[in-house]
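Peer 1: Quick one: this structure, given as structure tokens, is what I'll be asking you about.
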Amino acid sequence: MQLLLVEDDPSLASGLQRALQNEGFAVNHVATGQHALQVVKTETPDIVILDLGLPDIDGLDVLKNIRKQQAALPVLLLTARDTLDDKVAGLDTGADDYLAKPFDMPELLARLRVLERRLGTAQSNDISIGHVSLSTTSHEVIADGVELVLSKREYMLLKALMENAGKVQTRNSLESKLYSWDDEIASNALEVHIHNLRKKLGADYIKTVRGVGYTVKKV
Amino acid sequence: MLINFLSAVQGYRGGMNQAELSFDEQLTNIAQIISDIDSFDNRELPEMVSETLAYQIWTKEGELQERTHNAPVELLTHLENGFNFANFSNYRWRTYALFDEHHQHWVLLAQRMDIRYAMADRIIVESIMPIVIGIPVTGLIIWFFVGRGLSPLYKLANQLHKKHVEDLSPLKLDNPPQELAQVLQSVNQLMQRLSDSVTREKRFASDAAHELRTPISILKIHLHNLLHEHPEITAETAEFQSSLSRLEHLVDQILALYRCAPDQFIAKFEMIDLYKIAQDVIAQQYQSIEQKQQSIELLGDAVKIKASPFAIETLLQNLLSNAIKYSPEGSELRISTGIKNAQAILCVEDSGPGIIKENRAKVFERFYRATDEMPIQAANAESSPVTGCGLGLAIVQNIAQQHHAKIELSDSSFVSGLAVTVVFSGVDE
């Protein structure tokens, strides 16, 4: 997995580079927007980590330019700006994800893994939490060594919960992941799927946070 | 106006006196003429004048030689040169007696006073009338034009009056008069300077954010690498880690406080759902809740209010992180939303030590920490030291003020703990 790190602060860049290399990523580092655009053109990376505060070109303009060249290249924004407007502007311009400084390394790694899985080129496409493991390529779900038969929606629901293990997924965000705009959603459809998943995975695997949503506990 | 009127009255009176004098002079002239005309037949006065004038001619011996038909047969005045007054034929007359040395007779002439008054009055009124009518007309005209002339000033005052506290956009006037254009220009220049300095300050906040956040990120990443490569020093770096978290939190809070201060924060109000924001905030902070094995529930229904989503999120983040911080491991937390007495309610309850009534007002001060007031054993009883920076509730207070909301502190419905209730003044169904 080839990462391009666009970051003007040398100390942060070197620390990040080392941390990412420790996790098995190959990291290329550039310090300017100009350089970044050149590298994207000549030796296109798999994922770009882009700091918005660059000395030469505004980060959002770099992002726009990258999008023109490589419409599908995943870009994760890294920035000290964290107001809601900044986030919306970043995602509107075509960023795949957005992380505000100062960030936790595990958080950055988790997000990179989501982007990696989306590319389908990850070395390991399995998410393993507790007694359940889920393969994002073969769509197989194995609990305690036994393969489970899940409906498409049950699989998508479980994947959303496992990818975000330790976090609560609100009902709204789960519903929007499961259904497209024109699908009719019965008001208790989500509960029905959760109920079915609990029957297959054990009652405690998916926890309800009353009034908020559901979570899979990170082990 | 009054002065004009008084001077008109004064003028009238002066005019009357002047007219009197000229009428008297006229009488002497007429008397002379009558006296000089030899033939009695020719002494006939024009019809019109004869009604208002009367005369007698008396010989020196006291014999009435001649009189006009409206003159009495007796002496109409004393035989004494000069002016006098007399009453006859139902009128009051001004009289003039002249002894003609040449003809050796008296000419007694009389003129009706009412006619004299009427004529004098007419002359003077005609000369004063234009002024008397002119004054109010002029007044109206002045009023109209001054009003018109001042209308740009009224418009300007109105614009200034309507201006929102944070609105620093320039004032606009169509075709302002020259004098006002100068004022307008100066005010707009002032506005511009003010707006520039506000922008600079905001810019400073965001620059400061960048300046502070990048070094913190650097510390974090290098600490992460250090721990990754030397897992055996975890214990030694624990203090480092927690101080770093405090620093990170403090920077966040200072920036949030700055961004949410009433004079800095231009809130973009929109329709938001308190329940949905509560869901999001719980989801954001769920990891901290999970870490302390606390359980949380969200009660209530969708409550729509007009508010700034960013501010309300910050408010709730602060309330919830306080609740997590001050509640022991494995305890319960609760957030509820609802409508009470037509007011939107947002309530966060924890299972912490609570705050005694006397100290409840103090918690809104900056840099006040509840642990400062806690009995030592209670503070020690906390399984992990509470690392607040004391800005949380000051931020909450700021945001509440912007939304005209009240904050009420009470006991939570758990065994112990604090309930913080934010009461919004309006609710939109």
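FYI, it's all coordinate maths here, none of it is from the lab. Since this is a predicted model, take the numbers as computed values, not measurements. Positions of Cβ are backbone-derived with ideal geometry, glycine not excepted, and every protein chain shown enters the neighbour counts.
Peer 1: Could you work out the Rg to Rh ratio of segment B:243-326, with Rh taken as the Kirkwood radius (inverse of the mean 1/r over all Cα pairs)?
Peer 2: Using Cα coordinates only, the ratio equals 1.00.
Peer 1: Just want the ordering: B:L160, A:L20, from fewest to most Cβ atoms lying within 10 Å of their own Cβ.
Peer 2: Fewest-to-most Cβ neighbours within 10 Å comes out as B:L160, A:L20.
Peer 1: Please give the peptides A:170-177, B:213-220 ranked by average Cβ packing (other Cβ atoms within 10 Å per residue), highest first, as a rough proxy for protection.
Peer 2: Highest to lowest by the protection proxy: B:213-220, A:170-177.
Peer 1: Also, I was wondering about something else. Enter the mean number of other protein chain beta carbons within 10 Å of the beta carbon of each residue in A:166-176, as an integer.
Peer 2: 3
Peer 1: Which Cα, out of B:N225, B:P215, A:A80, lies furthest along the positive dipole direction of the protein assembly as shown (beta carbon charges, K/R +1, D/E -1)?
Peer 2: B:N225
Peer 1: Shielding of A:98-104 by partners, i.e. mean partner chain Cβ atoms within 10 Å per residue?
Peer 2: Values: counts 0, 0, 4, 11, 16, 5, 6.
Mean number of neighbouring Cβ atoms from other chains: 6.
Peer 1: Now for a different question. Quick check on packing: order B:53-66, B:98-111, B:18-31, B:235-248 by the mean number of other C-beta atoms within 10 Å, highest mean leading. Intermediate values should be presented prior to the final figure.
Peer 2: Numbers: B:53-66: 16.4, B:98-111: 18.9, B:18-31: 14.9, B:235-248: 12.9.
With the highest mean Cβ count within 10 Å placed first, the list reads B:98-111, B:53-66, B:18-31, B:235-248.
Peer 1: What's the exposure ranking of B:H249, B:H161, going from fewest to most Cβ atoms within 10 Å?
Peer 2: Going from least to most buried by this count: B:H161, B:H249.
Peer 1: Let me know the charge dipole size of segment B:2-122 about its Cα centre in debye, to the nearest 20, where only the beta-carbon of Lys, Arg (+1) and Asp, Glu (-1) is charged. The partial results should precede the final answer.
Peer 2: Values: 9 positive and 18 negative charges, 135 e Å.
Computed about the Cα centre, the dipole is about 660 debye.
Peer 1: Run down the lysines and flag those whose C-alpha is under 26 Å from the C-alpha of A:K200, throwing out any fewer than 8 positions away in its chain.
Peer 2: Partners found: A:K152, A:K159, A:K167, A:K177, A:K217, A:K218.
Peer 1: If you wrap a convex hull around the C-alpha atoms of segment A:2-119 and split its volume per residue, what is the figure in Å³?
Peer 2: Dividing the Cα hull volume of segment A:2-119 by its residue count gives 92 Å³.
Peer 1: Let me confirm one metric for peptide A:3-15, namely the mean number of other chain beta-carbon atoms within 10 Å of its residues' beta-carbons. Don't skip to the answer; put the middle values down first.
Peer 2: On the way: counts 0, 0, 0, 0, 2, 1, 4, 1, 7, 8, 2, 4, 10.
That works out to 3 on average.
Peer 1: Continuing with this model, one more query. Could you grab the Rg to Rh ratio for chain B? Cα atoms only, Kirkwood for Rh.
Peer 2: 1.61
Peer 1: Also, quick follow-up: Quick one: putting +1 on the C-beta of Lys and Arg, -1 on the C-beta of Asp and Glu, what dipole do you get for chain A around its Cα centre, in Debye to the nearest 20?
Peer 2: So the magnitude is around 700 debye.
Peer 1: Rounded to the nearest 20 debye, what is the charge dipole size of the protein assembly as shown about its Cα centre when +1 sits on each Lys and Arg Cβ and -1 on each Asp and Glu Cβ?
Peer 2: 2220
Peer 1: On to the next question. Please give the per residue volume of the convex hull enclosing the alpha carbon atoms of segment B:2-122, rounded to a whole number of Å³.
Peer 2: Taking the convex hull of the Cα positions in segment B:2-122, it is 107 Å³ per residue.
Peer 1: For chain A, what is the Kirkwood estimate of the hydrodynamic radius, computed as the reciprocal of the mean inverse distance between distinct Cα atoms, to one decimal in Å?
Peer 2: After inverting the mean inverse Cα-Cα distance, the result is 19.0 Å.
Peer 1: For the protein assembly as shown, what is the convex hull (Cα atoms) projected area averaged across all directions, in square nanometres?
Peer 2: For the protein assembly as shown, averaging the hull's shadow over all directions gives 55.3 nm².
Peer 1: Something else: Cα atoms only: what Rg and Dmax, in Å, come out for segment A:126-216?
Peer 2: For segment A:126-216, the Cα-based Rg and Dmax read 12.5, 37 Å.
Peer 1: Lys/Arg Cβ at +1, Asp/Glu Cβ at -1, dipole of chain B taken about the Cα centre: which of B:H69, B:V281, B:I115 is farthest positive-ward?
Peer 2: Toward the positive end, the furthest listed residue is B:V281.
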